[in-house]
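Novice: Below you will find the structure I want to go over with you.
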């Protein structure tokens with residue numbers, strides 16, 4: 001995962017470059033900046049990253065937004081009433097009927113699946129052909145290939161990795177896995193970034209402090225220098241801002257688990273096998289009993305500690321200890337079934353945010369609007385601003 005950070009930074013520089021062009025060509029006063037359709041730009045950037053890092057392909061959605069994937073993937077987590085109603089029906093309608101309902105949203109889902117299949121199946125076919133020597137992963141080799149095709153594809157190529165394992169996967173199974181990774185790897189991180197820029201736009205003093213840390217430690221996106229995991233993860237203010245954003249606006253607000261063990265009790269109540277349990281991440285992250293009376297405020301300093309030498313250090317658990325730390329801050333879930341992509345998402349999130357805050361000053365499009373007054377929150381599969389988010393971005397000199 002650490003080897004991916006230069007790729008994250010490469011796509012960050014491309015995003016910064018494109019946004020700079022948009023702002024410079026807006027036609028308004030440079031000192032005023034320009035409105036930016038934040039969530040759409042970020043979804044294109046995260047699509048480029050997951051496609052390149054996970055599949056070894058170049059989508060170039062930042063420069064070519066008319067690409068089929070770039071246009072279609074955002075529809076997966078659409079927030080319109082029709083999409084929300086169709087999702088709700090899944091809890092009440094048998095599966096065989098659900099996927100045959102003559103509804104506009106169902107046809108839209110079918111189109112999304114076709115576009116993803118058209119993009120993924122050729123990759124699956126090419127990877128199968130290249131690995132036709134039946135290279136497999138030796139259980140004692142710590143994941144290294146046993147044959148001659150070890151270096152054919154990037155070590156992060158998801159399909160190649162799956163094909164190397166001893167158990168076989170059908171094309172349909174590989175397509176399902178790829179679709180999940182594409183959707184989750186794009187939308188959740190882009191939404192976290194959207195909320196981060198929104199909160200920083202409403203807290204200019206925190207944004208300014210973060211910018212000082214970024215500009216003092218990271219190379220300019222305009223330079224030929226890159227970054228690595230150690231450099232990004234050494235910035236405590238950046239890490240604290242990311243964690244506080246994920247506390248207030250966790251992309252997935254609910255965690256669903258089904259009871260599989262007989263004799264399960266929760267707070268003295270028996271839970272029969274098959275019972276669906278739902279945990280509210282949103283509610284847990286906003287418990288006054290845990291986070292204090294200022295629980296609804298954006299305060300990244302919750303995740304900052306100071307060592308005996310007086311130096312600022314990132315505290316991943318916000319000062320919480322033991323099980324309280326494990327199960328009251330869980331933007332990626334907790335326990336053995338927590339999100340497998342947490343390190344990927346956190347690295348991508350921090351790297352993109354660093355580039356965007358270092359180069360641009362972000363502010364609300366509605367002057368003097370308080371948090372929550374200029375947006376409507378949509379609680380769907382992931383939590384998003386209803387209808388997207390527009391912010392004003394001003395290009396800064398000197399970095």
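The values are calculated or read from the model by the stated rules, or taken from the named source; none is laboratory data. All of these numbers come straight from a predicted model, not from anything done at the bench. When we count neighbours, we look across all protein chains shown, and the Cβ atoms used for this are built from the backbone with ideal geometry, even at glycine.
Novice: Checking residue 218 against (1) within 23 Å of residue 333 (Cα to Cα); (2) buried (at least 20 other Cβ atoms within 10 Å of the Cβ): exactly one of these is not met. Which one?
Specialist: Checking residue 218 against (1) within 23 Å of residue 333 (Cα to Cα); (2) buried (at least 20 other Cβ atoms within 10 Å of the Cβ), the one that fails is (1).
Novice: For the range 29-36, indicate whether the set of residues that are at pLDDT below 80 and not in a helix (DSSP H, G or I) is non-empty. First the steps, then the outcome.
Specialist: Here is the first cut: in the range 29-36, the residues at pLDDT below 80 are 29-32.
Among the residues that remain, those that are also not in a helix (DSSP H, G or I) are: 29.
Yes, the range 29-36 contains a residue that is at pLDDT below 80 and not in a helix (DSSP H, G or I).
Novice: Is it the case that some residue within the range 94-110 is touching a helix residue (DSSP H, G or I) at 6+ places or on another chain (Cβ under 8 Å), modelled with pLDDT of 85 or more and farther than 30 Å from residue 277 by Cβ?
Specialist: Among the residues of the range 94-110, at least one is touching a helix residue (DSSP H, G or I) at 6+ places or on another chain (Cβ under 8 Å), modelled with pLDDT of 85 or more and farther than 30 Å from residue 277 by Cβ, which makes the answer yes.
Novice: Please state which of the following conditions residue 270 fails to meet, knowing it meets all the rest: (1) touching a strand residue (DSSP E or B) at 6+ places or on another chain (Cβ under 9 Å); (2) within 21 Å of residue 192 (Cβ to Cβ).
Specialist: The number of the failed condition is (2).
Novice: Based on what the data block shows, is residue 185 at pLDDT below 85 and at positive phi? Reasoning before the result, please.
Specialist: Numbers: at pLDDT below 85: yes; at positive phi: no.
Against the criterion (at pLDDT below 85 and at positive phi), residue 185 does not qualify.
A quick yes/no check of all residues on (1) touching a residue at least 40 places away in the same chain (Cβ under 8 Å); (2) assigned to a helix (DSSP H, G or I); (3) surrounded by 17 or more Cβ atoms within 10 Å (Cβ to Cβ); (4) over 17 Å from the mean Cα position of the chain (by Cα):
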site	(1), (2), (3), (4)
5	yes, yes, yes, no
15	yes, yes, yes, no
18	yes, yes, no, yes
21	no, yes, no, yes
26	no, no, no, yes
42	yes, yes, yes, no
49	yes, yes, yes, no
53	yes, yes, yes, no
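Novice: Please specify each residue of the range 213-238 satisfying the condition of being part of a helix (DSSP H, G or I) and either touching a residue at least 12 places away in the same chain (Cβ under 8 Å) or touching a helix residue (DSSP H, G or I) at 6+ places or on another chain (Cβ under 9 Å) (or both). Show your work before the answer.
Specialist: We begin by selecting, within the range 213-238, every residue part of a helix (DSSP H, G or I); these are 213-217, 229-232, 236-238.
Correct list: 213, 214, 215, 217, 229, 230, 231, 232, 236, 237, 238.
Novice: Of all residues in the range 304-347, count the ones that are closer than 29 Å to residue 47 by Cα and in contact with a strand residue (DSSP E or B) (Cβ under 6 Å, 6 or more places away or on another chain).
Specialist: Matching residues across the range 304-347 total 2.
Novice: From 106, 100, 111, 128, which residue is part of a loop (DSSP other than H, G, I, E, B) and either over 24 Å from residue 191 (Cβ atoms) or without any contact (Cβ under 8 Å) to a residue 60 or more places away in the chain (or both)?
Specialist: On the way: 106 fails: part of a loop (DSSP other than H, G, I, E, B); 111 fails: part of a loop (DSSP other than H, G, I, E, B); 128 fails: part of a loop (DSSP other than H, G, I, E, B).
Selected residue: 100, the only one of 106, 100, 111, 128 that is part of a loop (DSSP other than H, G, I, E, B) and either over 24 Å from residue 191 (Cβ atoms) or without any contact (Cβ under 8 Å) to a residue 60 or more places away in the chain (or both).
Novice: Sticking with this structure for a sec: Does the range 63-73 include one or more residues that are exposed (fewer than 14 other Cβ atoms within 10 Å of the Cβ) and modelled with pLDDT of 90 or more?
Specialist: No, the range 63-73 contains no residue that is exposed (fewer than 14 other Cβ atoms within 10 Å of the Cβ) and modelled with pLDDT of 90 or more.
Novice: Would you check if there is a residue in the range 244-258 being in contact with a helix residue (DSSP H, G or I) (Cβ under 9 Å, 6 or more places away or on another chain) and surrounded by fewer than 13 Cβ atoms within 10 Å (Cβ to Cβ)? Lay out the reasoning, then the answer.
Specialist: Start the filter on the range 244-258 by keeping residues that are in contact with a helix residue (DSSP H, G or I) (Cβ under 9 Å, 6 or more places away or on another chain), which leaves 244-255, 257.
Subsequent filtering for residues that are surrounded by fewer than 13 Cβ atoms within 10 Å (Cβ to Cβ) retains none.
No.
Novice: Of all the strands (runs of 3 or more DSSP E) wholly in the range 292-399, which have at least 1 residues that are modelled with pLDDT of 95 or more and on the phi < 0 side of the Ramachandran plot?
Specialist: On the way: elements: 304-306, 312-314, 360-364, 377-379, 383-385, 390-395.
In the range 292-399, 304-306, 312-314, 360-364, 390-395 are the strands (runs of 3 or more DSSP E) which contain 1 or more residues that are modelled with pLDDT of 95 or more and on the phi < 0 side of the Ramachandran plot.
Novice: Among the numbered criteria (1) surrounded by 15 or more Cβ atoms within 10 Å (Cβ to Cβ); (2) within 17 Å of residue 384 (Cβ to Cβ); (3) under 19 Å from the mean Cα position of the chain (by Cα), which one does residue 37 miss?
Specialist: That leaves (1) as the condition not met.
Novice: Considering only the range 57-95, how many residues are touching a residue at least 24 places away in the same chain (Cβ under 8 Å), assigned to a helix (DSSP H, G or I) and closer than 21 Å to residue 115 by Cα?
Specialist: 11
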